[in-house]
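The block underneath contains the structure these notes are about, expressed in structure tokens.
The values are calculated or read from the model by the stated rules, or taken from the named source; none is laboratory data. Fair warning: this is a prediction, and the values are worked out from it, not measured in the lab. Don't worry about glycine lacking a Cβ; one is built from the backbone with ideal geometry, like all the others, and counts go over all protein chains shown. All accessible areas refer to the heavy atoms of the entire protein, side chains included, with ligands and DNA or RNA removed. Shrake-Rupley method; radii C 1.70, N 1.55, O 1.52, S 1.80 Å.
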Amino acid sequence: MSLALGCVADDYTGASDLANTLTKAGLRTIQTIGVPEDDRALPEADAVVVALKSRSIPADEAVARSREAERWLRARGAAHVMFKVCSTFDSTDAGNIGPVMDALRAAAGERIALVTPAFPETGRSVYQGNLFVGSVPLNESPLKDHPLNPMRDANLVRVLARQSAGAVGLIDTATVARGAEAVAARLDALAEEGKRAAIADAIFDSDLEVLGRAIIAKKFSVGASGLGLGLARALAADGRGTRDAAGAAMGEPVGGAAACLAGSCSQATLQQVAAAEAQMPVLRLDTAALLAGADAVGEALAFAEARLTAGPVLIASSATPEAVRALQAEHGVDTVGHAIEAALAAIAEGLVARGVRRLVVAGGETSGAVVDRLGLRAFLLGPEIAAGVPILRTAGRPEPMLLALKSGNFGGPDFFGRALDMMA
Ligand SMILES: Nc1ncnc2c1ncn2[C@@H]1O[C@H](COP(=O)(O)OP(=O)(O)O)[C@@H](O)[C@H]1O
Ligand SMILES: O=C(O)[C@@H](O)C(=O)COP(=O)(O)O
């Protein structure tokens, strides 16, 4: 397998989002969970996205895992490695985007890394280094209330400088408008000035195509799915990929029961859970009781078992920012996050033991906990349910499953029903 592109993603939903974008751009793409122990079983591919659960762990661990993934990708021929971060730049001043970027840039032998989380298809744009979510700056968007990494500063030059050991510059929209050569020249000039990273403005896909062309010959970059699109289109222009890879992996229907789990507290997920009430039985976990030691997992599985033969169910811990803050104030952010993730993962395991083969999970950290608990190792890419959310088919498992790992912020109000329809 000689890869045209290697990607290291800092969470599982982000990885499937990127793999979806690369697939749509014509690259045959596989998503692995961590570094595969045995890659002989993997099908031929143009791109591999190694999914890590490294967004909200100590920075030194995130660096070590990302370096291991990068080494694996390079050994399989990846000349360019992209570090996939969230399109809302989810991170804290302690990391992990800056430390991982510093380590992978140094390993690649590059003086400077181009960085952009722009993803126009989902309303993420960067102008003068400021990240917008739809029409509002990041710090005014619902991301200001994220349970693990509240984003309170939209200026990414500043945000990244607080996390990185190196200085950070800007490639502004006027430079991007002048084309790939102008971007490459500006990147060199910033490197000469001693900058080690450059936030790049991008508003439209055409900007990301310019950025992709400017850096495809370099060894390393940092971005969200939008930059993946730019890189994939630059590769396609070079004759790599080009076949219509989308939807290839649906295969035979997998049968079995279907269920949804939601651990995301994002505004989009809260709306989707509310809309699902009209379509399927919904159990809202009593998170206060869970934290107090009640058997929330057992109760949820009893709820599901009584209903699964009739149709899908949704089990959600999702709560408003006020409720999240109250629980965190009582028990601590990490304790709450881990306890709820662990409960949803245990519920997922119980659901699969009860015959669920089609599973929709909302939330990045939540998806990480669920996929790890189920021991899933690799996915083939199926059709897109909503921007950034593909259907995934497990690879290398005797009895295949279909999954949708939804980033908290993605999808319209009818997401759960739509996903289940497409996975039927
Ligand atoms: N009711 C709740 N109160 C507090 N934290 C919660 C609640 N429900 C879920 N969480 C935690 O919030 C975090 C949501 O993160 P994640 O799953 O990545 O969603 P998103 O994709 O929206 O970022 C997880 O750690 C999850 O366990
Ligand atoms: O880039 C994005 O927005 C997504 O791919 C992503 O990473 C979202 O993260 P979660 O909302 O934590 O799932």
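Here is how the numbers come out for the structure above:
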{"read-out": "Rg and Dmax of region 23-113, Cα atoms only, in Å", "value": "13.5, 39"}
{"read-out": "Per-peptide average of other Cβ atoms within 10 Å, ordering 78-87, 126-135 highest first", "value": "78-87, 126-135"}
{"read-out": "Protection-proxy order for peptides 115-124, 230-239, 181-190, 401-410, each taking the mean of Cβ atoms within 10 Å per residue, highest first", "value": "401-410, 115-124, 230-239, 181-190"}
{"read-out": "Where only C-alpha atoms are counted, convex hull volume of region 294-357 per residue in Å³", "value": "89"}
{"read-out": "Selection from PRO58, GLY368, ALA378, by position along the positive dipole direction of the chain (Cβ)", "value": "ALA378"}
{"read-out": "Cα-based equivalent ellipsoid of region 80-190: semi-axis lengths in Å, sorted from largest, via gyration tensor", "value": "23, 18, 11"}
{"read-out": "Length released on extending from GLU121 to ASP238, taking residue separation times 0.36 nm less the Cα-Cα span", "value": "39.7 nm"}
{"read-out": "Average projected area [Cα convex hull, the chain], square nanometres", "value": "18.2"}
{"read-out": "Relative contact order, percent, the chain [alpha-carbon distance under 8 Å, six or more residues apart]", "value": "19"}
{"read-out": "Rounded to whole Hz, the Karplus (6.51, -1.76, 1.60) HN-Hα couplings of region 417-422, x for glycine and proline", "value": "x, 4, 4, 5, 4, 6"}
{"read-out": "Sequence-distant lysines (8 or more away, or on other chains) whose Cα lies within less than 23 Å of LYS195", "value": "LYS84, LYS218, LYS219"}
{"read-out": "Structure-based [θ]222 nm, the chain - -39500 (n - 2.57) summed over DSSP H runs of at least 4, per residue, nearest 500", "value": "-12000 deg cm²/dmol"}
{"read-out": "Average accessible surface area per residue within region 254-303, 1.4 Å rolling probe, Å²", "value": "41"}
{"read-out": "Net charge dipole size for the chain [Lys, Arg +1 and Asp, Glu -1 on Cβ; Debye, nearest 20]", "value": "800"}
{"read-out": "Percent antiparallel among DSSP beta bridges (both partners in the chain, rounded to 5)", "value": "30"}
{"read-out": "Helix 364-374 axis, angle to the chain major axis (alpha carbon atoms, nearest 10°)", "value": "60"}
